[in-house]
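Asker: Got a structure here, written out as structure tokens. Questions coming.
The values are calculated or read from the model by the stated rules, or taken from the named source; none is laboratory data. If you're wondering where the values come from, they're calculated on a predicted model, not measured in any experiment. A quick note on method: Cβ atoms are made from the backbone with ideal geometry, for glycine too, and the neighbour counts reach across all protein chains shown. All accessible areas refer to the heavy atoms of the entire protein, side chains included, with ligands and DNA or RNA removed. Shrake-Rupley method; radii C 1.70, N 1.55, O 1.52, S 1.80 Å.
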Amino acid sequence: MKRFGVSLPQELAEAIDKISQETGATRSEVVAAALQEYLEMQKDHKKPGHQCLGVVMAVTDAFSDVGDAIEENRTHIVAYTHLHVEGRCLTIVVVKGDGDQIEKLTLEVAKRAKLARYVPLL
Ligand SMILES: [Zn+2]
Ligand SMILES: [Zn+2]
């Protein structure tokens, strides 16, 4: 076992505590399970020569929240659209590129969004 400190947004920390209380798993176990799933998901995208094609969906208060991240990563963006659902902004971005680049792009969008998901098409 290795211990290290991480900083989490308040909402995320509270969500982890809630799952911990509901399931009886420790905070560390909840984080480890979530991380394991994330790493599994990433694994395929690290294969040499693999080109990612997928969709990043982001929920924000305004397009400007993710606009910069999209502009900065223009070379990996095939197309995107922006729409409104129940007063919230939904940006859907079709992305293509090396696994590392797509991961970086997804993390940059996730940092700025209330909710962000990468869905692989390949
Ligand atoms: Zn991929
Ligand atoms: Zn909007």
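Asker: Any chance you could run the full-extension gain for residue 7 through residue 43? It's 0.36 nm times the residue separation minus the Cα-Cα distance, nm to one decimal.
Answerer: Details: separation 36, 0.36 × 36 = 12.96 nm, distance 2.42 nm.
Length difference between fully extended and current span is 10.5 nm.
Asker: Give me the percent of the accessible area of segment 11-58 that comes from carbon and sulfur atoms, probe 1.4 Å, all protein chains in place. Mind showing how you got there, number by number?
Answerer: Details: 2090 of 3500 Å².
Roughly 60 percent of what the probe reaches on segment 11-58 is carbon or sulfur.
Asker: Within 10 Å, count the other beta carbons around each residue, average over each peptide in 67-74, 85-92, 9-16, and list them highest first. Mind dumping the intermediate values first?
Answerer: Details: 67-74: 15.0, 85-92: 13.0, 9-16: 11.5.
Result, highest mean first: 67-74, 85-92, 9-16.
Asker: Oh, and also: Just to confirm a number: summing +1 for Lys and Arg and -1 for Asp and Glu over residues other than residue 72 whose beta-carbon lies under 14 angstrom from that of residue 72, what do you get?
Answerer: Working: positive: 74, 104, 111, 112; negative: 65, 68, 71, 108.
Residues near residue 72 contribute 0 overall.
Asker: Find out how many positive minus negative residues lie around residue 110, taking Lys and Arg as positive, Asp and Glu as negative, among other residues whose Cβ is under 12 Å from that of residue 110. Before the final figure, lay out each step's value.
Answerer: Values: positive: 104, 111, 112, 114, 117; negative: 65, 103, 108.
Value of the local net charge: +2.
Asker: Now, a different point. If you average the alpha carbon positions of segment 58-96 and of segment 5-32, how far apart do those two centres end up, in angstrom?
Answerer: 28
Asker: Quick one: accessible area per residue over the chain, 1.4 Å probe, rounded to a whole number of Å²? Numbers along the way, then the final one.
Answerer: Working: 8820 Å² over 122 residues.
Ligands and nucleic acids excluded, the result is 72 Å² per residue.
Asker: Which of the peptides 18-28, 55-65 is most tightly packed, and how do the rest follow, going by the mean number of other Cβ atoms within 10 Å of each residue?
Answerer: Details: 18-28: 12.0, 55-65: 16.5.
Packing proxy ranking, top to bottom: 55-65, 18-28.
Asker: Now for a different question. Once you compute Rg and the Kirkwood Rh from C-alpha atoms, what is the Rg to Rh ratio for segment 48-120?
Answerer: Working: Rg = 11.5 Å, Rh = 12.0 Å.
Expressed as Rg/Rh, it is 0.96.
Asker: With the dipole of the chain worked out from charges on the C-beta (+1 for Lys and Arg, -1 for Asp and Glu) around the Cα centre, which of 87, 76, 64 lies farthest toward the positive end?
Answerer: Result: 76, furthest along the dipole toward the positive end.
Asker: Something else about it: Work through the residues other than residue 29 whose Cβ is under 15 Å from its Cβ and net out their charges, Lys, Arg +1 and Asp, Glu -1. Before the final figure, lay out each step's value.
Answerer: Details: positive: 2, 3, 18, 27; negative: 17, 22, 37.
Counting the neighbours of residue 29, the net charge comes to +1.
Asker: May I pose another question? Report the convex hull volume per residue for the chain, counting only C-alpha atoms, in Å³.
Answerer: 136
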